[in-house]
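Colleague: Below is a structure I'd like to ask you about.
The values are calculated or read from the model by the stated rules, or taken from the named source; none is laboratory data. Nothing here was measured: the structure is a model prediction, and the numbers come from that model. So basically every Cβ, Gly included, is an ideal-geometry build from the backbone, and we count neighbours across all protein chains shown. Side chains are part of the model used for accessible areas, which takes the heavy atoms of the whole protein and leaves out ligands, DNA and RNA. Shrake-Rupley method; radii C 1.70, N 1.55, O 1.52, S 1.80 Å.
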Amino acid sequence: MTTDDLPVIAAVDGSTHSRQALDWATHEAVRRGLPLLIVHVRPVTRQVDEETGRHEAETLLAECVRRSALIAPELRPSTLAPLDFPSAALVSLGRDASMIVVGSRGLGGFRSLMIGSNSLATASMASCPVVVVRDDRPEGDDDRAEDDGRAGGTGAFTDIVAGVAADESSQAVLEFAFATAASRPGARLRVVHGWTMFSSMLAGGPVLDREEAAGSAARTLAELTSGRREKYPQVEIVQEPVNGSAARTLVTASATAALTVVGRRRGGESLGLGLSPVAQTTVTHALGPVAVVPC
């Protein structure tokens, strides 16, 4: 199996949030021409016998296959029900996946939590991109998207937002974001870089001149995206250097985005370092789906 054939994994547990993740994963598998693997991890901590747990898993997965078929009858999803800790199983399966799609919370989550522990752990440790699906936008926002002309008459947001830093770590984020936008006809890619005078100083840029710092941020975005304009000529690119907190900028942008893409630096998983403050804030507080891309 080549990297172009690796499946989209939809993690399900019967919760409303996991059904949203399944729907999102089904659409994405169709857009990208990839297989769909629906996974229900049977937690080792549940006090049920093996036969009962297996039967419950088979029933849930059968329901999920039927739900997916309503969206994309042409797909023939595979299913899997490993017995393991949820995040551990998904991280392991992610080594042979194009992406993992999870809900923002599962059945065991507290309603007060903005994101569940399993979703956060998977996004922090998986070797492939992890999409955390949520939609906390008020009803009626879809109508605004349609009025803006970005929805293509579908009544849904189509912008892809990529949050980038001013260094090479953004390359994986941009590649994933461009490929996502290219798979959605009419989608616009907004490349967002939040900068401050302090971040400009840390990057070796202008220290005292705000206009010069703004110009430097704009040039950085132009350089980061230049090589991909030829590869993805169908994608409309909007460069947005924003003077302000990167995390706040991305959370605000997520309100009108089909997907917000952020990066996670590789190498800290074994130390339990998890997500950067910007990535964790975006995943936790974004109003729509967020993709966390290892880079």
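Colleague: Between 210, 188, 266, 219, which is modelled with pLDDT under 85, in contact with a strand residue (DSSP E or B) (Cβ under 6 Å, 6 or more places away or on another chain) and open to solvent by 30 Å² or more (accessible area, probe 1.4 Å)?
Modeller: 266
Colleague: Identify all residues within the stretch 1-50 that are surrounded by 17 or more Cβ atoms within 10 Å (Cβ to Cβ), under 15 Å from residue 118 (Cβ atoms) and of a type in the set (A, V, I, L, M); write none if there are none.
Modeller: 9, 10, 11, 12, 21, 39, 41
Colleague: Pairs please, first residue from the stretch 238-264 and assigned to a helix (DSSP H, G or I), second anywhere and open to solvent by 30 Å² or more (accessible area, probe 1.4 Å), Cβ atoms under 6 Å, 6+ apart in sequence or on different chains.
Modeller: 246/278; 247/278; 247/281; 249/242; 251/285; 254/287
Colleague: Any idea which of 48, 30, 39 is farther than 21 Å from residue 97 by Cα and of a type in the set (A, V, I, L, M, F, W, C)?
Modeller: 48
Colleague: For the stretch 245-254, indicate whether the set of residues that are under 20 Å from residue 28 (Cα atoms), of a type in the set (Gly, Ala, Ser) and within 14 Å of the chain's Cα centre (by Cα) is non-empty.
Modeller: yes
Colleague: Looking only at the stretch 70-92, which residues are aliphatic (A, V, I, L, M) and either open to solvent by less than 60 Å² (accessible area, probe 1.4 Å) or in contact with an Asp or Glu (Cβ under 9 Å, 6 or more places away or on another chain) (or both)?
Modeller: 71, 72, 75, 81, 83, 88, 89, 90, 91
Colleague: Still on this structure, please answer the following. Give me the pairs: first residue in the stretch 1-30 and under 20 Å from residue 83 (Cα atoms) and at pLDDT below 95, second residue among the hydrophobic types (A, V, I, L, M, F, W, C) and surrounded by 24 or more Cβ atoms within 10 Å (Cβ to Cβ), beta-carbon distance under 7 Å, and six or more apart or on different chains, which are they?
Modeller: Close Cβ pairs (under 7 Å, with a partner that is among the hydrophobic types (A, V, I, L, M, F, W, C) and surrounded by 24 or more Cβ atoms within 10 Å (Cβ to Cβ)) amount to 18/11; 18/12.
Colleague: Specify which of the listed residues (150, 67, 95) is modelled with pLDDT of 95 or more and in contact with an Asp or Glu (Cβ under 8 Å, 6 or more places away or on another chain).
Modeller: 67
Colleague: Still on this structure, please answer the following. Can you name the residue in the stretch 233-261 that is among the hydroxyl-bearing types (Ser, Thr, Tyr) and surrounded by fewer than 21 Cβ atoms within 10 Å (Cβ to Cβ) and, of all such residues, is farthest from residue 179 (Cα to Cα)?
Modeller: 245
Colleague: Residues in the stretch 124-146: is at least one surrounded by fewer than 19 Cβ atoms within 10 Å (Cβ to Cβ), at pLDDT below 65, in contact with a helix residue (DSSP H, G or I) (Cβ under 6 Å, 6 or more places away or on another chain) and not aliphatic (A, V, I, L, M)?
Modeller: Within the stretch 124-146, not a single residue is surrounded by fewer than 19 Cβ atoms within 10 Å (Cβ to Cβ), at pLDDT below 65, in contact with a helix residue (DSSP H, G or I) (Cβ under 6 Å, 6 or more places away or on another chain) and not aliphatic (A, V, I, L, M).
Colleague: So in the stretch 269-295, with the set limited to residues that are open to solvent by 20 Å² or more (accessible area, probe 1.4 Å), part of a helix (DSSP H, G or I) and of a type outside the set (S, T, N, Q), which one is modelled with the lowest pLDDT?
Modeller: 271
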